[in-house]
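> I have a structure I would like to understand better, so I am pasting it below and will then ask my questions one at a time.
The values are calculated or read from the model by the stated rules, or taken from the named source; none is laboratory data. Bear in mind that the values here come from a model prediction, so they are computed numbers and not experimental data. All Cβ positions, even for glycine, are placed from backbone atoms using ideal geometry, and neighbour counts span all protein chains on display.
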Amino acid sequence: MNALLVICGLGFVSLLAEIANFKKLLTVLVILALAAAVVLVVLDWNTSQSLYHDMVVFDNFALGFTGLLCLVTLGWYWMTRDFFENHPHQSDRLALVVFALAGGIIMVSFNNMAMLFLGIEILSISLYVLAGSNKASLLSNEAAFKYFLMGSFATGFLLMGIALVYGATGSFDITKISAHVASHADSLPRFFHAGVLLIFVGMTFKISAVPFHFWAPDVYEGSPTPVTAFMSTVVKTAALAAFFRMFASCFASVEASYHIVLQVIIVLTLVVANVTAVYQGSVKRILAYSSVAHVGYILLAIMSSGSAASGVLFYYMASYSVASIAAFAVLQAVELSSGSTGVDAFNGLYHRNPFLAVVMTIAILSLAGIPPLAGFFGKYLVFAQALQHGYLPFVILGVLTSLIGIYYYFKVLIAMYRAEKEGPRPDKYSTVLLVLLVAAILALGIFPDHVIGLLRL
Amino acid sequence: MILFLLSWPLLASLLLFAFKPKQAWVVAFVASLIELVASLVLVFQFDKSAAVEYAINVPWIASLGVNFAIGFDGISLLLVLLTTVLVPFIILSSTKHSYSSAFYGLVLMMQMALIGVFTAMDGFLFYLFWEIALIPIYFICLIWGGEDRGRITLKFFIYTLAGSLLMLVALIYLYFQTPGSHSFEIQALYEAGRALPLAEQGFIFWGLFIAFAIKMPVFPFHTWQPDTYSVAPSQGTMLLSGIMLKMGLYGVIRWLVPVVPAGVHEWGMTAVVLSVIGIIYGSCIAIVQKDFKRLIAYSSIAHVGLISAGIFTLNKIGVQGALIQMLSHGILVFGLFYGIDIIETRVKTRTLSALGGIRHVAPVFSAVFTVVMLGTLALPFTSGFVGEFLLINSIFQYNAILGAVGGLTIILGAVYMLRSFQQAMLGETNSTTESFVDLSGREKLVLFPIVVIIIVMGIYPDPLLSISESAVTNLLSIVQEFSASAK
């Protein structure tokens, strides 16, 4: 909870920065506040607090994800400082990002569907603006508009679902709902199941699972690269944690009413996202589709082991976020030097800047799930969970789509090691950050036990 | 000592960055020599018992039941020895190409992973090293390879990864059969696998066999191999064929036969037949190749088919023959690919019809190449003879018809090897070959020891055979016991 207060305070302070004229201090403030939030999470560890009449519950799950969100945002901010500094809208942009983070923290800690809705809206509205923050670019405007239209539509579904569930159970509180569902399993009205499905649709839109993913590639491509990086790491983590809280704990007892839908969505997500990614010519779009594809693997873990999957979810999101930030950092450096995010822009990067090429290689290998990197253990845990619960066909499908994944990830990799030596040399990046990220990818891969064990019940 | 063998190459590959690129090969060479000496010490200390000698066995990822268990027995030791012997030669053979330090770093990392594969005593650890071995060789081929390398190396990567993911699924399945809180420990997996009913053992067999068969490669899983061998840089090809394909064969011995003995008993015949088809198929295609390197690539399919068939006969001379032939093939195929590398760097072509008469201008090279070639033909008193004799003998005992068909490898091998030798070395010199320079000092330094090894192994193979003997006997007695009890 303390972390949430700090983040919200930071948001207001950064709004004031413009008026009170201390913009120069903002960077320091952001870094201090995010670090403080992480420290507070550590201090609060193992103290399960429920606040405001159980509106939010900061159990270890919420604390763990809050810490992860803050850490990833810290790394992300480090990577994208140019996006803020020396820009006329510095304080506005920063405030939006910080409020989005606050929304994300509410989403991982909600215990009441009203808070879920609030969290999603705080997060989304900030993002709608951020997606369009490159005002001069047509693509950025398109992204913002598309995201806004589709997002509000999905919010409508979510609200309608919440209303129906409230009508059937008489409560917004998810612990009360699940108790009610458990005690009245036979006498639930039909519209309760309709409500669950509507919430399901609203949430799958937010995590961009197929077939509710159509917005993702366009929005990811059109938004400025820093915003895309934020969306595919921080936002995705928050949305998946919210999905997990909603469906793996609250609605776990009525899993039958959406089980088949979930299965279909997993199969579609794995197949469609991976196959479509093969045909993309832009690294940004490849990363967008890959982020959709990763959702498929996580959903598989959630489906097969329910609430026991929290450790797996946490590990997977941590490893995915770290590798993604590294990949986006390299992409951003390449984009700044060549003005393009196409695969061609990476041609011969190894000869122009071996350091960046090696970092990108490690990030891609981790995303593709090659041992001994972090991404491999994420996939391994998912497959092991699924096998343990008898979902062998899904594991085989997952293995096949991972192989397709290799194909498109390696398109970037092969481009980097082409013999072409001419071209712009990217130089705008932070070596320290990239070294830290690579170290994190390796450390998560070599000592996975500590992170998986954090959220073990 | 084995931990030193495992960590030293990794350390050395990191050390490389401290030196200037021009010194890289010297540093890597010295590092690999130190590794060789360490492995020889290990060989001389080895007491030839059947039991696995553990160097370390501690929990690594406790929640997943993964142990960092490294150990070895005679079988592991032979393959470790092959790795540590070949890598210095490979590094020494690379000096003409002026590779960057990244290249030598990758070669040493590859060595680390290979030694890990041969000494891992935990299923998960084995899988990890198995995959890690793929990464350096992929980049060696991708960065320093020939034309169209992007496409071909990607095919190689996806092909082998598909196999290893199958293996991973099989290993996880076995893992969940282990009692209690589950473990990937080798003995636990052995017991879990042996307790499975026959049908399930069959599934595990195929999951593991396909992974190993792709790596070797056994027909019909070989289609990545000729392209990859031809496009890879010479040193990459040497690593691939000299050591890496032995990973598949070792996998069969350590991680297939003792895990599902009844499954192997049930499906062994199929595996032998596939291997024998590979012998004939590889040899026949080798006969019509125009490119010298592709010819050796196809001949490699034939040779590895024979070794794999020998292992699946599950008799002692077969497995022992397979082990000795693995070593011999590693040495021989290194010699052959190095010979081709020498030809290619001098006359810029590998096409057989463009060559000819090298014997007249480079007698020393020609003589050395003759010895290597005769070894490949399994002439008595060369290393190839011991292995092939034992292998064909074992297949013949297993099934006379298959033995007769497999034995054709000697005749077919003579056809393609002698034909290529005749085209490249004999005849009149032409405009491409007339300025062919004979071996330089450094090349002699590589090839003369190889010739010595080939001949010594052929005349006196006993020390090598005795290293693995008790481990093999032990292995086969387990197989007999459990395949009998499953019936």
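> For the stretch A:417-431, does any single residue satisfy the condition of being closer than 22 Å to residue A:325 by Cα, among the aliphatic types (A, V, I, L, M), modelled with pLDDT under 90 and out of contact with any Cys (no Cβ under 8 Å at 6 or more places or on another chain)?
Among the residues of the stretch A:417-431, not one is closer than 22 Å to residue A:325 by Cα, among the aliphatic types (A, V, I, L, M), modelled with pLDDT under 90 and out of contact with any Cys (no Cβ under 8 Å at 6 or more places or on another chain), which makes the answer no.
> Can you list the helices (runs of 4 or more DSSP H) lying wholly within the stretch A:201-256 that have 3 or more residues being at pLDDT below 90?
Numbers: elements: A:215-222, A:225-230, A:236-244.
Correct list: A:215-222.
> Can you name every residue in the stretch B:146-163 that is at the interface with chain A (Cβ under 10 Å from one of its Cβ atoms) and buried (at least 21 other Cβ atoms within 10 Å of the Cβ)?
B:149, B:153, B:157, B:161
> Answer yes or no: is there a residue in the stretch A:377-384 that is more than 7 Å from every other protein chain (Cβ to nearest Cβ), under 18 Å from residue A:354 (Cβ atoms) and surrounded by 24 or more Cβ atoms within 10 Å (Cβ to Cβ). Give the steps one after another, and end with the answer.
The first filter runs over the stretch A:377-384 and keeps only residues more than 7 Å from every other protein chain (Cβ to nearest Cβ), leaving A:377-382.
This time we only want the ones that are under 18 Å from residue A:354 (Cβ atoms), so: none.
No, because not a single residue in the stretch A:377-384 is more than 7 Å from every other protein chain (Cβ to nearest Cβ), under 18 Å from residue A:354 (Cβ atoms) and surrounded by 24 or more Cβ atoms within 10 Å (Cβ to Cβ).
> Show the residue pairs that are 6+ apart or on different chains and have beta-carbon atoms under 6 Å apart, the first residue being within the stretch A:393-408 and within 8 Å of chain B (Cβ to nearest Cβ), the second being outside any helix (DSSP H, G or I) and surrounded by fewer than 17 Cβ atoms within 10 Å (Cβ to Cβ).
none
> Modelled with pLDDT of 90 or more, surrounded by fewer than 22 Cβ atoms within 10 Å (Cβ to Cβ), in a helix (DSSP H, G or I) and within 14 Å of chain A (Cβ to nearest Cβ), is that true of residue B:132? Steps first, answer last, please.
On the way: modelled with pLDDT of 90 or more: yes; surrounded by fewer than 22 Cβ atoms within 10 Å (Cβ to Cβ): yes; in a helix (DSSP H, G or I): yes; within 14 Å of chain A (Cβ to nearest Cβ): yes.
Answer is yes for this residue.
> How many residues, within the stretch B:226-256, are polar (S, T, N, Q) and either at pLDDT below 90 or more than 13 Å from the chain's Cα centre (by Cα) (or both)?
Number satisfying all stated conditions: 4.
> When you look at residue B:63, is it surrounded by fewer than 23 Cβ atoms within 10 Å (Cβ to Cβ), touching a residue at least 12 places away in the same chain (Cβ under 8 Å) and either part of a helix (DSSP H, G or I) or more than 14 Å from chain A (Cβ to nearest Cβ) (or both), yes or no?
Details: surrounded by fewer than 23 Cβ atoms within 10 Å (Cβ to Cβ): yes; touching a residue at least 12 places away in the same chain (Cβ under 8 Å): no; either part of a helix (DSSP H, G or I) or more than 14 Å from chain A (Cβ to nearest Cβ) (or both): yes.
So residue B:63 fails the test.
> Identify all residues within the stretch A:415-453 that are closer than 19 Å to residue A:334 by Cα, surrounded by 19 or more Cβ atoms within 10 Å (Cβ to Cβ) and within 12 Å of another protein chain (Cβ to nearest Cβ); write none if there are none.
Across the stretch A:415-453, the qualifying residues are A:415, A:416, A:417.
> Here's a follow-up. Here are the criteria: (1) among the aliphatic types (A, V, I, L, M); (2) farther than 21 Å from residue B:342 by Cβ; (3) buried (at least 22 other Cβ atoms within 10 Å of the Cβ). Tell me which single one residue B:411 does not satisfy.
Result: residue B:411 fails condition (3) only.
> Anything in the stretch B:78-128 that is within 14 Å of chain A (Cβ to nearest Cβ), in contact with a Pro (Cβ under 6 Å, 6 or more places away or on another chain) and part of a helix (DSSP H, G or I)? List them, or say none.
B:101, B:106, B:109, B:112, B:128
> Additional query: Among what's in the stretch A:266-280 and is buried (at least 17 other Cβ atoms within 10 Å of the Cβ) and touching a helix residue (DSSP H, G or I) at 6+ places or on another chain (Cβ under 6 Å), pick the residue that is nearest to residue A:404 (Cα to Cα).
Taking the candidates together, the pick is A:274.
> Residues being of a type in the set (S, T, N, Q), in a helix (DSSP H, G or I) and either crowded, with 23+ Cβ neighbours inside 10 Å or in contact with a Gly (Cβ under 7 Å, 6 or more places away or on another chain) (or both): count how many of those fall in the stretch B:172-214.
Here is the first cut: in the stretch B:172-214, the residues of a type in the set (S, T, N, Q) are B:177-178, B:181, B:183, B:187, B:201.
Narrowing the set further to residues that are in a helix (DSSP H, G or I) leaves B:177, B:187, B:201.
From what's left, either crowded, with 23+ Cβ neighbours inside 10 Å or in contact with a Gly (Cβ under 7 Å, 6 or more places away or on another chain) (or both): B:201.
Qualifying residue count, the stretch B:172-214: 1.
> Suppose we filter A:402, A:366, A:321, A:340 for residues that are polar (S, T, N, Q) and outside any helix (DSSP H, G or I); which single one remains?
Values: A:402 fails: outside any helix (DSSP H, G or I); A:366 fails: outside any helix (DSSP H, G or I); A:321 fails: outside any helix (DSSP H, G or I).
Of A:402, A:366, A:321, A:340, the one residue that is polar (S, T, N, Q) and outside any helix (DSSP H, G or I) is A:340.
> For the stretch A:325-373: of the residues being at positive phi and surrounded by fewer than 19 Cβ atoms within 10 Å (Cβ to Cβ), which is nearest to the other protein chains (Cβ to nearest Cβ)?
A:348
> State which residue pairs qualify: first residue free of Cβ contacts under 8 Å to residues at least 24 places away in the same chain and inside the stretch B:437-464, second residue assigned to a helix (DSSP H, G or I) in any location, beta carbons under 6 Å apart, and separation of 6 or more residues or different chains.
Nothing qualifies.
> Then there's this: Scan the stretch A:373-381 and tell me whether some residue there is outside any helix (DSSP H, G or I), in contact (Cβ under 8 Å) with a residue 40 or more places away in the chain, hydrophobic (A, V, I, L, M, F, W, C) and farther than 22 Å from residue A:233 by Cα.
No, that holds for no residue.
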